[in-house]
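Beneath this line is the structure, given in structure tokens, with notes to follow.
The values are calculated or read from the model by the stated rules, or taken from the named source; none is laboratory data. Note that the structure is a prediction, hence the values are computed from the model and not measured. Heads up: the accessible areas ignore ligands, DNA and RNA and are worked out on the full protein's heavy atoms, side chains in. Shrake-Rupley method; radii C 1.70, N 1.55, O 1.52, S 1.80 Å.
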Amino acid sequence: MDAKAVQTLNLPGLTRPEKFVTRTGCSFTRPAKPEKLQMTRRRVVLACSYNNVPASILESEGHKFPLEEELILKNRSQQIQPYLNGRCVYVVGMMGSGKTTVGKIMSQALSYSFCDCDTLIEEEVDGHSVADIFKLYGESFFRDKETEALNKLSLMNKLVISTGGGAVVRPINWKYMHKGVSVWLDVPVEALAKRIAAVGTGSRPLLHDEAGDAYTAALMRLSALFEERGEFYANANARVSLENIAIKLGRRDASDLSPTDIAIEALEQIGNFLKAEDGGYAR
Ligand SMILES: Nc1ncnc2c1ncn2[C@@H]1O[C@H](COP(=O)(O)OP(=O)(O)O)[C@@H](O)[C@H]1O
Ligand SMILES: O=C(O)C1=C[C@@H](OP(=O)(O)O)[C@@H](O)[C@H](O)C1
Ligand SMILES: [Mg+2]
């Protein structure tokens, strides 16, 4: 064993190793005393089903394994449950920021149900798509339906709710969302434009009018929208900066992050908010 590489970690709460893949090619040998682990730089496979295994030792060498992701998601959600107390989690952010995609992952980790606010509105308006609702009845009608939907959802619990990108603009909507906990997926507009260009602007009526190639058109419109709305997203209780996650995980840029990477960070940021709200006292 390379002595230089050996570090001793105090891992409170670690009980017994089974099988898991480390994320920095670290290896563990089971010490005599379970609460201490020795790490070397060689990759071995070891799994812990643990509470409080710091995610920092689960750093990826650029690839993750479902078991490891499950462990971390579960770990994060177990840490926040006592503070969340069944309150709904609202995911806010610009169009294309991953609210629906990441929201579903978070709901599974929290054993919550998932609700997409746009889908709820479509069901309320005879199954018309959001784009058709804009066309048939106009944006103001859509916004009223959005407020009605958020009002209804605010009476429920144990839901992860992915909101529509414009929900943050109306103060009344925040009155409803602040009955739960809100998290803002803060994604660089370039990454948003790339994602939306890949799927097309058909489902997003506010991106329809720009001329030019799909990416440039989306980038122009999203930049203008963010200019108008940026301050409203900042009302969220927690913020997930994809640029910060990329730096933390040593990735090239925000486009290099999976929805699960973002869900893990979202749960961590929600946890930070809840602990601060609670005076940091463990339950
Ligand atoms: N982390 C990610 N990396 C790459 N593409 C993503 C990521 N998260 C979401 N997407 C894609 O971006 C598009 C928008 O995602 P979606 O969840 O619908 O966002 P929103 O609900 O915020 O508009 C979808 O095509 C989705 O597959
Ligand atoms: O940003 C917006 O104003 C909108 C975002 C859309 O939802 P997504 O954020 O899920 O695309 C949808 O609510 C509608 O097209 C308006
Ligand atoms: Mg959505």
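The figures follow:
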item: For the range 76-84, Karplus couplings with θ = phi - 60° (6.51, -1.76, 1.60), whole Hz, Gly/Pro x; result: 4, 6, 4, 5, 9, 3, x, 8, 5
item: Heavy-atom SASA rank of LEU71, LEU225 (probe 1.4 Å, accessible area, largest first); result: LEU71, LEU225
item: Long-range HN-HN contacts of ASP116 with modeled amide H, under 5 Å; result: SER162
item: Over 31 Å (Cα to Cα) - which of LYS145/LYS275; LYS74/LYS135; LYS74/LYS248; LYS145/LYS248 fall in this group; result: LYS145/LYS275; LYS74/LYS135; LYS145/LYS248
item: Nonlocal amide H pairs with VAL181, under 5 Å, H built at 1.01 Å; result: CYS88, VAL89, TYR90
item: Relative counts (whole %) of C-alpha pair distances in the range 83-174, using bins that are 5 Å wide; result: 3, 14, 25, 24, 20, 9, 3, 1, 0
item: With DNA, RNA and ligands ignored, accessible area of ARG239 (1.4 Å probe; Å², nearest 10); result: 110 Å²
item: Mean projection area, nm², convex hull over Cα of the range 185-251; result: 5.3 nm²
item: With all protein chains modelled, accessible area of ASP118 [1.4 Å, Å²]; result: 40 Å²
